[in-house]
Every structure is written in structure tokens, then in C-alpha cells.
There are 2 protein chains.
Amino acid sequence: MNSKDNMSDNQINIKFPDGAMKQYPLGTTGMQIASDISEGLARNAVGILVDGKTLDLTVKLTKNIEDFKILTFKDQEGQEIFRHSSAHLLAQAVTRLFPEAKLTIGPVVEEGFYYDIDHPPFKEEDLTKIETEMKKIAKEKLPVTRHEATYTEAKKIFKDNKYKIELLEEFEKENPNEKVSYYQQGEFKDLCRGPHVPNTGVLKAIKLTKLAGAYWRANAKNKQLQRIYGISYPDKKELNQYLALIEEAKKRDHRKIGKDLELYTFHEYSPGSPFFFPKGTEIYLQLMNFVREEYKKRGYEEVITPLLYDKELWETSGHWDHYKDDMFVIKVDDREFSMKPMNCPSHALMYKTKTRSYKDLPWRVADFAPLHRNELKGVLGGLTRVRKFSQDDAHIFCTEEQMQQEIFDLLDFVHYIYADIFKMEYEIGLSTRPEKAMGEPELWVKAEDALKIALNKKNMIYKINEGDGAFYGPKIDIEIKDALGRKWQLATIQLDFQMPLRFKATYEGEDGTKHTPIMIHRAILGSLERFIGILVEHYAGKFPLWISPEQVRVLIIADRHQIFADRVVEELKEAGIRVTKDYKAETLNKKIRNAQLDQVNYILVIGDKEEEQESVNVRTRDNEIHGTKKLEDFKKQLIKEIKDKK
Amino acid sequence: MNSKDNMSDNQINIKFPDGAMKQYPLGTTGMQIASDISEGLARNAVGILVDGKTLDLTVKLTKNIEDFKILTFKDQEGQEIFRHSSAHLLAQAVTRLFPEAKLTIGPVVEEGFYYDIDHPPFKEEDLTKIETEMKKIAKEKLPVTRHEATYTEAKKIFKDNKYKIELLEEFEKENPNEKVSYYQQGEFKDLCRGPHVPNTGVLKAIKLTKLAGAYWRANAKNKQLQRIYGISYPDKKELNQYLALIEEAKKRDHRKIGKDLELYTFHEYSPGSPFFFPKGTEIYLQLMNFVREEYKKRGYEEVITPLLYDKELWETSGHWDHYKDDMFVIKVDDREFSMKPMNCPSHALMYKTKTRSYKDLPWRVADFAPLHRNELKGVLGGLTRVRKFSQDDAHIFCTEEQMQQEIFDLLDFVHYIYADIFKMEYEIGLSTRPEKAMGEPELWVKAEDALKIALNKKNMIYKINEGDGAFYGPKIDIEIKDALGRKWQLATIQLDFQMPLRFKATYEGEDGTKHTPIMIHRAILGSLERFIGILVEHYAGKFPLWISPEQVRVLIIADRHQIFADRVVEELKEAGIRVTKDYKAETLNKKIRNAQLDQVNYILVIGDKEEEQESVNVRTRDNEIHGTKKLEDFKKQLIKEIKDKK
């Protein structure tokens, strides 16, 4: 049935996301449809989605619509409209308070919106004033209206703003025969493509968050502008939740905690490359050892590989063409070498050192080699964006027949690490064949099926990202959620049909002929540096016992307790516990407080009673008092807790 | 007493190494003195040492001599004369057999001697002929005589040899008024400074070992010459011992064993950078873990550091001026960076991240970071000369007062590792203040005393290498002896007064003022890569259980034994044993043989009896039959053997 068939002269057919079809008079607006559905929807509506395009709620609809949606803040597109209108609100408030200010551009960003303004530096108190003015304008409930103008008309309207004139001239050059649109709310007009919320009253909860400098067109040769950042929500509660989350995230900032707990540091002599202090190194090594234990159980073999390779290797792997700018290139023996940004080519070389039979496969080869990527200096930050890092990286060379079992085992591995050990929720995305894929289509089908079957067999819910696979094969991406609900893409399982071909890697099949193995790229923690950064924020520095750099600290009440306290330290040390002592001449309370600030899991106090009974008085970093325990029992408890990775 | 006082007209006084002084008639020769002392000495004498200068035995002595020694092969100088005369013998034999051959030069090298000859390539059988001829000439007992000549006379003698003419012209340019010497034995004359053995009969045991190509003056633009290598000893027995050692060393060559046992490999894409296969990686990690355990016991703290640093760091440390050519330099962010060749500057930076008090010292900071040194491609070889390696590197920052105890503890650490764990002998050298030393002389005295006191307190015998210290401080070098008696310089303990100054590192002393700490650079295994290469040769691939990559292999007599065998494998694996299984359809004998070739420490055979009794039948890689043991007992035995590092 063609939707046209159903169209009477003055009616249009509109199809909703749930598949329902409804007729409306020609010229109906989105706002009218929203009101027709429910008053609440009309109140929350910010725009409409018409066959993939966002539009103002006030636009008159004149055609049948196959795909129609009323957008609210809950929709990604709705949120963008809302925040974009918030930027206009900001601009209007600035113009009211600082008439000499020249507006430039005001886009939506991941965390809110900003507006770049040509004006002498604002002060913190200006922000408060502007915010108050914004709230006032919101209360005025000014209708936001769209207007079209010729370039000549538009230039007249914005004649006092050289930035808008520059933009207009640019648009004119690109599309000389089109008109431009601007939006108006009250006295305020801004050049804009839209769409926008129907009136300023919708913008109820707004907070200006930050002042920064910026350059017109991000060019440092241009004049410096003032950038005002803000965040906005449809209601106060959501805004407050967001602000609380930001506050908590700030407290948990791994750069801050890393410094407070002496876990790691950075130095300008090696940008983006962390220095791990002894305590940070302890966490690093515990994670590595944990993964190594799993490797032994799961049939992985570890290798140690060079870091510097001749350009020829990168030409073979394809990195020279596609990744050269991200590699550190060095001249060696009059040839170009580069520091490796990933391990796969090293493992392909090792695979090829001998003839392999299907009986030798799968070969699961793991490598913690430090990798180097020439990230731009500007984007480096803490442990989450670094130039030097190591991954719990492994590659699995396997036959087509083995692929599915390997993926199944990998999903198990992922679940074990994230759900069982780190108690983190995670989400799975399956990315399928992109348009520009390489390799036989039937192999793609097989591979995607293998991934799906493995996911289904493990009863895992997953999202399909159609066409989002790498050109060399489909992949599974795992996004974990930390304690603040923030999502991080960490684990990845990628099938690769291309690299083995490029390296001419083969194995002898059961049929006696040569076949090309499939290569699975997989990392579960991903970059250990990044993972540690996330763990620090996830636990807010309160590491579970098994990875805690300082598990126990022993304090004494009086000097005479040193001998027994030393014995406690030695016994725990011999049991592999990371234990320290603090016999300093300070008050017991101060020493307990220090141990708690250092996030030591268990604080033991030794006095007469403890010495007499061969026991220890136990409290935690959260000041839970566990009381006096026999040293032997406490030691056993620790060993069990570490073993259980609780 | 002046020795001149004692000199009568026709007598000279000669002082021997034991301090004895003896008179001889003016014009006495070394040979006559040797005969005077003993017939045996006369038979073995090859030259004399006169006040530090080596001379022929036939030289007439005409002055009092303060320091006289008859040289035999046992003396370093005597060995050189002996081998140099062997090269002449080789040249004479070649000239007899191949009259068209043109001699060039024939020096002594560490392992014997060679002669470079302008001649079309020799064949292997030519070597045998030449060797036979050499033995014949030796039997002829031709006297070797020294002659002097003017340049004109010499050029006449060597007129048919353009190489010797070229050398003569060069000598003449340097010393136009001197004469040159040549040596003659039978019909053969060679331009030579000498000295030489008195007659060819002394050269009893000779072996030509190798043919190689070489260029005149090591310049590839010149004609290629034939280099014949040889080795010689005063008797057959010593020669055979040497040849047997060479043979054994060849069998133990770590490049060969590394390949046979699949421990590591190399690839032209990363010259001088080993790829460790899983088995080699196992050894590597076991060594690292072992050192880490010791670090925990001995109060070291491990850190993880960046590999790439801004040139400014190297300028501060002094490496940019003195070491730049050995570093890999990279352009990053328009600045020069380099990959670190050593860890000390990284640790100096970390030291400086906080204020330190004398109470925080000593700080012992350990680092296994991979280091890179741009060794010339030509000198790279196996694991002993590499471009990428990691050390069991640590730096100790301490006060002057702590220095001696630290050195004492380090000597203990060295002894524990080499004597107790690896059962290797070692020798100690103490290198003292060089002429161009930096730092206060009194600090040098204190530091050298600290080293000596520590060595004496540990009852250690050591050699003093006067003036051989680094410019920044005195040091202790430790040379270990492997199973073949070859010496390797591995451990080092270096005091450094300069680096802390350069980095302006300080600590607050007990007196409340700032002091500069002393930095001790120390490594015990040294480069892990090199150490593994040495271990492979030391053990000839038969690693002791604790570092053995494959400790146990389980074989079955029939398929029905798989279930119990699997249980054995699982139980051992859970106990941390590195165990594999071989259930292949081959004969038991072949599988035992394979396990032995793979140097598996224990080979377990499972049959009906073993299954019934929950036991295993144990044999070793050297085919020692240990018989049937209860699985539980065998497991305990393994765990103990690993723990004891036997």
C-alpha cells in the first residue's frame, strides 16, 4: 500500500515510531500533533523528527510522513535542540547585560553547550549575573521564531557584528542562491539553522559551569574570545543530579587521587607517559599477574617482543599507509623504523617462524609490550589518554571451525573479569560488515554468525551496530559502566581476515593443503594505564584488598610493643601480604587517620592485650571496628579475601 | 742503595720478580739466565721482560735491570710472543706452499692469531696442507733471528711485496732516521718489531681454525685478502683442552640452543632485538619474579617509567653530550626526544617529586624498563649484544653514613644470587679514582674506604683497579665464571656523586639543612637478555627446575590412561608446576626421547600400575630412572625443589 493512495486532498498521513498511522489536516504543526497526543508531551516537546530531519515544532506539515517523532529531551536529537536553545538563551542574556559584546558561535558539546563571545575577560561574578538574566528570560516565556532572509537582508540585520558578517559571506559563497535563516526571541536575533524549542519557558534548569579562552575559528592568530560553558536540563532535579555527579567525579578524579595516594605522576619531559610510583606499580603488577594466571588457565602463551621495527613491517601490515602519523618514527641504520603502536604485526611474524598445522591451532599469544602512539599533545590527559601504555593484549590464530568456540570462551573471559571480579555492568555491541569491507562476503556471514551464536549461547543481550565493523572483519565491543554510571569502552574482540593474508600466514589443514588462519585481536582490560585510571575513579581510591598497594598497616600503642608488632609485620609479609608499619611518635588517633587517608584496607593496633593474646586489633579505612582477632585467624582471613578477590 | 753502586766493570745486576738480585757477566742473554735457573725454564722460555719491555731471549744484556722476568707461555706477554711467532710460522708455511701469495700483516688476537694474505681464496684442504707444513717447519727447529736494516735495505728485501713496501714507506715518514727490524727463520723473512721465540721448535701444538675474508687496512675499497686464523699452545694437551672447550662452547651456543628449544628468535625487521617465544618468556619472567621476591625482602620498591624523554633530560644527566650517538633520537612535537638507554635519569626525576628527609633514605628504586642502545648493526649477536634489553636495574639514594651498609648489603645480594642460587664462582674488582675525577677528593676517599670496608667485612678477596673508576665515583665490578670457565662481567655497584648534583636532588639532614644524596647504580644479573644467553650456555639448555620453562611432561602407555594422566596434569598445574602432556600416537620411547631433547626436567609415564596406585613413573632428561612415586609425594618433591631453587 502506497501512502499516497490514502491521501485525501486536505489530509496528510503520519506514521509514528510504534508503527501507528494517523491522518491530520494539511498544515498541522508538530506542536498540534503533540497536544493531540497528550498535554504532557506538548509541554515537554522541543522539536520534531521528520523522515530523519529535525524541525521546529511550529513548522506546518504539508506532506505524508513515513517516519515521524515528537522529540523531547530524552531523545538524543531533542537534547541537542534543547541545549542549542540554551546557548541562544545565554547569548541573549549576555547581549542584554553587555551590549558591547559581539557574539560568534554557540554550539552544543558532549557535556552541555558554550558560546564564544568577543568581549574583555568576564569575571566569575559575571557568570552569576548572566545565569540570573537567563532564568529571567526563561520566565518571560518568549516565543522562539524562525525567519528567512536574503543575504542582503541578513547582512543588514547583523551589520554590527563582523563575525556574523564573515559567516554570511562564507555561506553566500557556498550557496549564493539560497536564503539564510535566523531565529528571534524577544529583542534578540541570531543567525542560525535551527531548529529550536518553541519558547524560552521550556529552558527551566540551567547552570553556567566554566569560563575559558578560545580563538575565533580555533586559530591562535585571531583575537582571543571568551567561552562560556553551560549545562541545561528540563528540570531542576535532573540538573542537580548531574551537578552532584560532576562533583563526585571531581572528587574521584584519578589525577587527584593518584597524586594524593602517590600512585603515579607525570613530567613534561615525557608528555602523556605516566611514571608509576611504587604503589601504582603494585596495582599494575597485580593486574598483570591476575591476567597471567587467567592466561595459564585459558591456554594463552606469553611472549616478549621488540618495540622498534623497520618500516617494511608496517608496510606489510598496512600501518605505514594508514597509521604513520600516529607512530613515532626513527632513523636507524639509514632506514626508517617506528615504535610499535600495536602488537599484531609482531605476533604475525612469530606465527610465521615455523610451519603450523591445524593441530597446533588455536595459538593464543599474549603480550604486555609497552606501545607508543603519537597522540596530539593537546589531547593528553591523566591515564585515560596517553602516549605510552601496555595492554593485556593477545591474538588468537585459529581455523574457521575453531572461531566460534574461541569467541564463546572470550565472552566467558570478559564476563569473568568484569562481572565476577570487578562487579561492573557492561553492554555489548556487535559491529557488522561495513560497505568498504575486504574479504569474501561468505566469510563475513560465517564470522558474524559465529559471533551471534556465541553471544546467544551465553544468553547475552547485545546491540547490533550495522556496518560498523572494521574493514578487516566484524567485532564485539564491550562497554563497562563504572560506579558513577559512566560508560567506558574497554574490551574488544575483533575478527581479522586480512592481516594473516598480508603476512602470508598459513597452516596445514586436515586435508593436507595450506589454509589462511583467522586472527582474533582481543584485549579485556585494554590499556592497563587507562584501566587503572578508571579503577581509581570507580573505587574512589578504595581498592579491594587483592589489588590494594598497601593492604595492612601496623601501629603500636607504646614503644614496648615494637617487638611483637615486628613479628606481626614479618608473619604477614611472609604470607605475601603487603604490610607496612608506623611506629612514629605521634598520637594513635593521628596515625589511624593517616592510614585511613592512605586508604589502607586494614589498620592493626598493637597494645598489651594484643601482645599477651598473640592477637591484633583490627579496624578498616572506613573506620569499621572489627575488634581483636587472633593473628593466625586474621592472617587466614586476609589470605582468603585476597584469593577470593573480594 | 743505588743499584749502580753495586756494578763492577764486567758485571750487571739483575733483579728477579721474587726480589732476589743476581750478578751476571755483561752481555749475558736471557736464554743464558734461563738455563742458569733451570733447564725446564730454558726449554719453555719465549722472551724476557726488561723493565717493562719485552725482548728476544737472544738480546745481550748490558745494563743493570731493576725488573727482570723470563717469559713463558703462562705470562700474558709470553703468550703474545708465542702466538706472534705462530703467525710467522703460518706465513712461512704459506710462502713455501703458495710462493705467489703476498703476506700483509699477522697479529695476535684474543683467541689465537691470524695472518691476512693476498691470494685467491684458499680451500679447507689448503688449511690442512698449511698446518702440516707448519708442523714440519717447527720440527726443523729453525733459529729465529732478529736483524736491523735501513729503509733502503729493507725495501730491497721486501721489493716483491707491495704491502710491506707500503708499510715501510709509512714507517719512514713517521721515523725517517730510524732503522727497521725484520726477523728471519730459515729462508723466511718478515718485517717485524718482535720479539719472537728463539726457534721454531718451541711452537709444538698448532691448529688452524678458520678461513675468512678481510680487507687490507679493513677498508672495503681495497682488495679482499684471505685471513687464516689459528691457535697455538706449548703442548698438545693444552691445545686439545682448548679445542674441546671450543667444541663444547659451540654445542652450547645459546643461539643454537635457543633455536632448538624454541626459546627466542631474531628478525631482520628489528635487528638486535630478541623475540622471546613462550618458553623463553617463561625463563625471563621467572628471573624477574625471583628478583622481585628478593626486592621485597631487601626493601626495594619497583616503579614503571616512560621510555621516551625530551632532550632536556639528557642534557641535565649529561648523556646528550657523552652518549647521544648510542641513543635512538626521535622528533616529537618539534623537539628532540630519545629512547632511554638507562634508567638513572628517570629515577632522579622521581626522587625529586617530593621533599625527602634523611629518614626517608635509603630509597631503593628498581625498574625493569626496556632500554634501547643504538649498537652498531655489525656487532650485534645473539643475546649477548643487543639493542633492546631490560636490566634488574635499581638505584639507591642514600646518605654518606648509609653508604657502607648499603654496599655491604649489595655484596650479600650478589653472593646470594651467584654463589647460592646459580652456583657460579665470581671475582671482584674495585676501581678507584681516575685522574679526571669529579667531586671532592675527600668524598672519594670516604667512598673508596666504604667499598673496601664492606668488602673486608664480608671477607671478600678483590683486585684493585687503580684509577679505573668512573669519573663520577668508584665502583665494584663482579665477573662471574660460567661452567666452561669463561668470564662474564655482569653485576656492577657504582657510586655516583655527580648525577644527584646535576639533578639538584637533595634531602633534609638531621641537622635541618639540605644535603646531596649519594646515588648507587646497581644491577646484579645485568641485562636479562644477556644473562639468559649466558645461562643457556652455562646449563647447556638443562635449566634447573625453578626456571625451567617445561618442568614436567606426562606420557601415557595406552589411550585408556588419559583420564588419570589428565588428572595428574591438572593437579600439578594447580600446584603451579609448568606441565605439558604428550598423548600422540607414537612409541613411548620416541616420546621419551622427544621430551629429553626438549630438556624437560621430569618425564612421567602413566600406565595401568600408576593409575591403580595413584602414582607416576618418573625419569629425567638425562635418563635417570627414578621409578614409581606416589603422585602426592612427587608433587611435594617438585614444590620443594622449586622453592629451594636447586
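For the reader, a short list of remarks on this structure follows.
- The criterion of at least 3 residues that are farther than 19 Å from B:Arg567 by Cβ is met, among strands (runs of 3 or more DSSP E) falling completely within the range B:582-646, by B:625-630.
- Annotation: B:Lys102 fulfils all but one of (1) closer than 21 Å to B:Asp235 by Cβ; (2) of a type in the set (D, E, K, R); (3) surrounded by 17 or more Cβ atoms within 10 Å (Cβ to Cβ); the unmet one is (1).
- Flag if B:Ala220 is more than 26 Å from B:Asn175 (Cβ to Cβ) and assigned to a strand (DSSP E or B): no
- When each of A:Gly627, A:Gly576, A:Gly607 is tested for being of a type in the set (Gly, Ala, Ser) and surrounded by 15 or more Cβ atoms within 10 Å (Cβ to Cβ), the lone residue that passes is A:Gly607.
- Selection count, the range A:270-281, where residues are among the hydroxyl-bearing types (Ser, Thr, Tyr) and part of a helix (DSSP H, G or I): 1
- When the residues of the range B:315-351 are filtered to those that are under 29 Å from A:Gly378 (Cβ atoms) and acidic (Asp, Glu), the one that is surrounded by the fewest Cβ atoms within 10 Å (Cβ to Cβ) is B:Asp334.
- Within the range A:352-385, the only residue that satisfies the criterion of being at pLDDT 95 or above, surrounded by fewer than 17 Cβ atoms within 10 Å (Cβ to Cβ) and part of a strand (DSSP E or B) is A:Ser357.
- A count restricted to the range B:441-476 and to residues that are in a strand (DSSP E or B) and basic (Lys, Arg) stands at 2.
- Unique residue being within 11 Å of chain A (Cβ to nearest Cβ), in contact with a strand residue (DSSP E or B) (Cβ under 9 Å, 6 or more places away or on another chain) and surrounded by fewer than 17 Cβ atoms within 10 Å (Cβ to Cβ) when the list is B:Glu262, B:Glu282, B:Glu268: B:Glu268
- Candidates B:Gln11, B:Gln23, B:Gln92 - the one that is assigned by TED's automatic domain parsing to the domain that holds B:Trp216, in contact with a strand residue (DSSP E or B) (Cβ under 6 Å, 6 or more places away or on another chain) and not charged (D, E, K, R): B:Gln92
- Positions within the range B:488-499 being at pLDDT 90 or above and either surrounded by 21 or more Cβ atoms within 10 Å (Cβ to Cβ) or over 15 Å from B:Cys398 (Cα atoms) (or both), in sequence order: B:Trp488, B:Gln489, B:Leu490, B:Ala491, B:Thr492, B:Ile493, B:Leu495, B:Asp496, B:Met499
- Only residues that are within 21 Å of A:Lys236 (Cβ to Cβ) and either in a strand (DSSP E or B) or of a type outside the set (Lys, Arg) (or both) were counted across the range A:111-158, and they come to 14.
- Residue check for B:Gly533: outside any strand (DSSP E or B) and assigned by TED's automatic domain parsing to the domain that holds B:Asp367: yes
- Against the list (1) at pLDDT below 95; (2) buried (at least 18 other Cβ atoms within 10 Å of the Cβ); (3) among the hydrophobic types (A, V, I, L, M, F, W, C), the condition B:Leu71 fails is (1).
- Residue list for the range B:524-563, restricted to those being over 16 Å from B:Gln599 (Cβ atoms) and surrounded by fewer than 20 Cβ atoms within 10 Å (Cβ to Cβ): B:Ile557, B:Ala558, B:Asp559, B:Arg560, B:Gln562, B:Ile563
- Residue match in the range A:429-442 (condition: farther than 30 Å from B:Phe337 by Cβ, surrounded by 19 or more Cβ atoms within 10 Å (Cβ to Cβ) and either without any contact (Cβ under 8 Å) to a residue 12 or more places away in the chain or hydrophobic (A, V, I, L, M, F, W, C) (or both)): yes
- Flag if B:Val291 is more than 9 Å from chain A (Cβ to nearest Cβ), touching a residue at least 24 places away in the same chain (Cβ under 8 Å) and under 26 Å from the mean Cα position of the chain (by Cα): yes
- A count restricted to the range B:35-65 and to residues that are within 35 Å of the chain's Cα centre (by Cα) and farther than 16 Å from B:His196 by Cα stands at 4.
- Number of positions in the range A:340-364 that are touching a residue at least 12 places away in the same chain (Cβ under 8 Å) and either at the interface with chain B (Cβ under 8 Å from one of its Cβ atoms) or small (Gly, Ala, Ser) (or both): 5
- Identity of the residue in the range B:369-392, of a type in the set (A, V, I, L, M, F, W, C) and at the interface with chain A (Cβ under 10 Å from one of its Cβ atoms), that ends up nearest to the chain's Cα centre (by Cα): B:Val386
- Taken together, the residues in the range B:481-513 that are outside any strand (DSSP E or B), within 22 Å of B:Leu430 (Cα to Cα) and of a type in the set (S, T, N, Q) amount to 1.
A quick yes/no check of all residues on (1) not assigned by TED's automatic domain parsing to the domain that holds A:Arg373; (2) not in a loop (DSSP other than H, G, I, E, B):
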| position | (1), (2) |
| --- | --- |
| A:Arg227 | yes, yes |
| A:Glu238 | yes, yes |
| A:Ala244 | yes, yes |
| A:Lys259 | yes, yes |
| A:Glu268 | no, no |
| A:Ile283 | no, yes |
| A:Gln286 | no, yes |
| A:Lys296 | no, yes |
| A:Thr316 | no, yes |
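- Counted as qualifying within the range B:34-91 are the strands (runs of 3 or more DSSP E) with 1 or more residues that are without any contact (Cβ under 8 Å) to a residue 60 or more places away in the chain and among the β-branched types (Val, Ile, Thr), namely B:47-50, B:68-71.
- Which numbered condition A:Lys423 fails, given (1) within 27 Å of A:Ile246 (Cα to Cα); (2) in contact with a strand residue (DSSP E or B) (Cβ under 8 Å, 6 or more places away or on another chain); (3) outside any helix (DSSP H, G or I): (2)
- Restricted to the range A:318-328, and to residues there that are more than 7 Å from chain B (Cβ to nearest Cβ) and not in a helix (DSSP H, G or I), the residue that is modelled with the highest pLDDT is A:Met327.
- Verdict on B:Asp18 being assigned to a helix (DSSP H, G or I) and farther than 30 Å from B:Asp116 by Cα: no
- Residue selected from the range A:298-314 under the condition crowded, with 19+ Cβ neighbours inside 10 Å and assigned to a helix (DSSP H, G or I), by the criterion farthest from the other protein chains (Cβ to nearest Cβ): A:Trp314
The values are calculated or read from the model by the stated rules, or taken from the named source; none is laboratory data. As the structure is a prediction and not an experimental result, all values here were calculated from the model. Counting neighbours? That spans all protein chains shown, and the Cβs are built from the backbone with ideal geometry, glycine included.
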